[in-house]
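The numbers here are math on the coordinates, done by the rules we state, and not lab data. A quick note: this is a predicted structure, and the numbers were derived from the prediction, not measured. Positions of Cβ are backbone-derived with ideal geometry, glycine not excepted, and every protein chain shown enters the neighbour counts.
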Amino acid sequence: MQLHWAHLPADEVTTHLGIPVTTVPRTLLDLSAVVQRDEVRSAMRQAEQLRLTDRLGLGPLIERYPRKPGIPILKAVFEEAQRGLNIVRSEFEERFQAFLLNAGLPMPLTNVRIEGIEVDCAWPEQRVIVELDGRATHDTHHAFEHDRARDRRLEAAGRRVIRVTWRQVHDTPAELEADLRRLLTEGRARDGVRAQPLAFPSQMIGTNQFKNGTHIEVDGTVFKIVEFQHVKPGKGGAFVRTKLKRSDDGAVIDRTFRAGEKFRPVRTESRKMTFLYSDGTDAHFMDTQTYEQMAVPQDSVAESLKWVVPNEEVDMLYVDDQPSDVQVPSAVELSVAETEPGVRGDTASGGGDKPATLESGVVVRVPLFVNVGDRVRVDTRSGEYVSRA
């Protein structure tokens, strides 16, 4: 069991049976940092159904902690809820919404009334409706007749109705995506007037376009691709194994994706900064052009700062206009601040090594002949000594 201790504002704490506990909005925030987007969406829906909270209570919390881990997922779910996009009533509906997000298709209104009929998913301006057919509710003679009568009324009103099954979403997602994209792009003509076509998001990145270092958005969170491997098993569909580094806190996770899945590309840029100091919580930097200072959570850049000393100029990576990480070269030169002294006979050709603390605070293994004050060249990718500088 892991325990975490923190002082929380009074409005983030309540009591249950006399025991202090976090409020539901604060609990949702903490949950967002450790689970996937669908689970956060489900937890929010349950909290509202049980009248434990309402989504409006999340707004101030999101503004209070703009860079806290989990905020990107919570903010995305919150904005969906504000637009009425996540009112779902079944696992199939949640799966279909995840399919739309992965495909880069615009999100519909869900469980809304169109022409007096409640439908599963609707794009009103494009006059397109999707009904999700599950066996539990659509596999009887009565349901069959009822569904066809509904479809007829909606078609007569100028709506285009298509029915989607779980198997289609799971087994033939590419075909389903192509059909929906075509329908939403063309719109639906009625009374001689064509419906408004949808403007699609920027081009999505597919698994066949993965590159190490590329940033993508997965379940509302931005990740950098550290490693990836395409796998084609003898049976079953192809898939891609990845190691992803979360931009919020630098955590590295393993994720597997189906071949062909698509993701929103993330805009990145590099800006020159001077690293000033770290206070244990944040790392402080100054823009070399505007001289404005800013703080970045130390945990998110700790791995890179092992190779940086105060007042050194660095390249700060911005992801979607937010500072994300410090970019360091593949090798750096640093002075040895502390190590055991070399002894007579230790030479560059001799064997053996010892620990040495460099001026940035990082500890590396160096040859026995290296002494305090020497400058050494170290590979930042492996943390290994290369040579004396």
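At an R0 of 35 angstrom, the distance between the Cβ atoms of ASP321 and GLU115 translates into a FRET efficiency of 0.25.
The ARG271 and LEU8 beta-carbon pair, evaluated with R₀ = 35 Å, returns a calculated FRET efficiency of approximately 0.55.
If we sort 237-248, 353-364 on the protection proxy, mean other Cβ atoms within 10 Å, highest first, what's the order?
Details: 237-248: 18.2, 353-364: 16.4.
Answer by packing, highest mean first, reads 237-248, 353-364.
Here the spin labels are modelled as points 7 Å beyond Cα on the Cα-Cβ line, and at MET294 and ILE162 they lie 4.1 nm apart. Taking the average, over residues, of other Cβ atoms within 10 Å as the packing measure, peptides 93-104, 67-78, 278-289 rank 67-78, 93-104, 278-289 from highest down. For GLY260, the residues whose amide H sits under 5 Å from its own are THR207, ASN208, ignoring neighbours fewer than 5 places away on the same chain, with H placed 1.01 Å from N.
Describe numerically, in nm with one decimal, the distance between label points set 7 Å from Cα along Cα→Cβ at ARG95 and at ALA389. Taking the two extended label points, one gets 5.7 nm.
A full extension of the chain between ALA259 and LYS243 corresponds to an added length of 4.2 nm, given 0.36 nm per residue minus the alpha carbon distance. For the pair VAL226 and ASP353, label points projected 7 Å from Cα toward Cβ lie 2.0 nm apart. Computing FRET efficiency as 1/(1 + (r/R0)^6) for ALA149 and THR27, where r is the C-beta to C-beta distance and R0 is 51 Å, gives about 0.70.
Over 23 Å between Cα atoms: which of LYS75/LYS211; LYS306/LYS354; LYS224/LYS272; LYS68/LYS211; LYS243/LYS354 fall into that group?
On the way: LYS75/LYS211 27 Å; LYS306/LYS354 19 Å; LYS224/LYS272 20 Å; LYS68/LYS211 27 Å; LYS243/LYS354 32 Å.
With Cα atoms farther than 23 Å apart: LYS75/LYS211; LYS68/LYS211; LYS243/LYS354.
By the Cα gyration tensor, segment 205-264 has an equivalent ellipsoid whose semi-axes, rounded to whole angstrom, run 21, 11, 10 from largest to smallest.
Amide hydrogen proximity for ASP374: with H placed 1.01 Å from N in the peptide plane, the residues at 5 or more positions away or on another chain lying under 5 Å are VAL336. Stretching the chain fully between GLU186 and THR15 yields a gain of 56.2 nm (0.36 nm per residue, less the alpha carbon separation).
Among 21-28, 250-257, what's the highest-first ranking by average C-beta atoms within 10 angstrom per residue? Can you show the working numbers first?
Details: 21-28: 18.4, 250-257: 14.1.
Result, highest mean first: 21-28, 250-257.
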